[in-house]
Amino acid sequence: MRLGLNLGYWGGGNDADNLALAKEADALGFDVAWVAEAYGSDAATVLAWVGAQTKNIDIGSAIFQIPGRSPAMAAMTAATLDTLSGGRFRLGLGVSGPQVSEGWHGVRFDKPLARTREYSDIVKMALRREKVRYEGEHYVLPLPDGPGKALQLTVHPVRENIPLYLAAVGPKNLELAGELFDGWLAIFYSPEYAKEALGSIEAGRAKVGKTLDGFDVVPTMPIVVGEDKRACADPIRWYAALYVGGMGSREKNFYNQLAVRMGFDDAAKQVQDLYLSRDYDGAAAAVPYEFIEQTSLLGTKEHIADRMRVLAASGVTTLTLSPFGATQEEKLATLRTAVEALELSGVGG
């Protein structure tokens, strides 16, 4: 099992701190640093900046939003970042959610599975440097009855195959990740629930004659180091409440639905009710400790090492960490502790 770093969203005055975390992770031998985007900073610009100031660590989008870019633009950006970084780029994609897709990008959130399939087809075709011709339900290239012609990517990436990842939560999307992608970007990953999720991925792999061998399972997990595991859970509560309670509408919140599938039905409803009524403190307090414990790394180096063994046994191949700490030095120290814990666990790769 390898280690990754989730740098999250950029902006808000934390840019220098995030860059320092990326440099520290690079020095510590982390495998990859991921950058996110929603409706603030874009991931591509930040990845170029991080890639220019690191040496060995891979850089990855977690995610590029499918409604925010044409598939050809995603391929262009991937090829450019791979070239500029010397072959260190990983392309993570996701459909985002209906609020962002329709409210920010003006793209209907309809048939996300079919759209993702077509999108990945075109991205792969472009990165193979083939002339792009495609006739799908969502994308037709070139447009018919016009002056457009089939074009070929002029930039040659460093690698013949840039790894493609899909951010997926629901069973059908997980199956699609297994069928079409090289890895899965997971959130609120629980080893106790992993068998069901990985079963969906395995079903997708089987469709194309593949197994999980070589498939990268990449959960992002908050990590808080301390003596008291329950106290360590407190800083994560607002994060969990935001996703389970407020990320999306009452009718369509993929993370709330995930919490329900994990067995936290009543708590998921309570957190959402409180969050949508703007009782954010109450929503955070209502997140069960057990949910945080299952989906985070909490406690001493020894506790974290124990959990790393469980995660590796469940199928995790790249453990991406989101360090929580009151100060920048605490976050940097957390990265160092994680490396020590991985060594102690004996499951490092």
Just one of (1) 147; (2) 158; (3) 133 is volume of the Cα convex hull per residue in Å³ as worked out from the coordinates here. Which one is it? (3)
Share of pairwise Cα separations in the stretch 230-295, more than 18 Å, in percent: 23 percent
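Take every Cα pair under 8 Å in the chain that's 6+ residues apart, average their separations, divide by the length, and report that relative contact order as a whole percent.
Averaging sequence separation for qualifying contacts and normalising by length gives 16 percent for the chain.
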What trypsin sites (Lys or Arg not before Pro) does the stretch 124-200 have in DSSP loop regions with at most 11 other beta carbons within 10 Å? Lys149
DSSP-defined beta bridges in the chain - what % are antiparallel, rounded to 5: 5 percent
Relative to the Cα centre, what is the charge dipole magnitude of the stretch 230-295, using +1 at the beta carbon of each Lys and Arg, -1 at the beta carbon of each Asp and Glu, and rounding to the nearest 20 debye? 180 debye
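May I ask you to list, by number, the DSSP H helices of the chain whose Cα span along the axis is at least 18 Å and whose average Kyte-Doolittle hydropathy reaches 0.0 or more?
Counting only whole DSSP H runs, the qualifying helices are 71-84.
Give, in nm to one decimal, the length gained when the segment between Asp15 and Glu251 is fully stretched (0.36 nm per residue of separation minus the Cα-Cα distance).
81.5 nm
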What are the ³J(HN,Hα) couplings of the stretch 239-245, residue after residue, when phi is run through the Karplus curve with 6.51, -1.76, 1.60 and θ = phi - 60°? Round to Hz, x for glycine and proline. 5, 5, 5, 4, 6, 5, x
Separation of the Thr300 and Val260 label points, Cα + 7 Å toward Cβ, nm: 4.1 nm
Taking every eigenvalue of the Cα gyration tensor of the stretch 19-89, multiplying by 5 and rooting it, what semi-axes result, largest first, whole Å? 21, 13, 9
Counting only residues 5 or more places away or on other chains, whose amide H sits under 5 Å from the amide H of Leu297 once H atoms are built in the peptide plane? Ile223, Val224
Once you have the alpha carbon radius of gyration of the stretch 53-189, what is it after dividing by 2.2 N^0.38 Å, with N set to its residue count? 1.06
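Can you tell me the order of 304-311, 246-253 when each peptide is scored by its average per-residue count of other Cβ atoms within 10 angstrom, highest first?
304-311, 246-253
Read-outs: derived from the displayed coordinates by stated rules, not from any lab. Just so it is clear, the model here is predicted, and its values are computed rather than measured. Cβ atoms come from the backbone with ideal geometry, glycine included; neighbour counts cover every protein chain shown.
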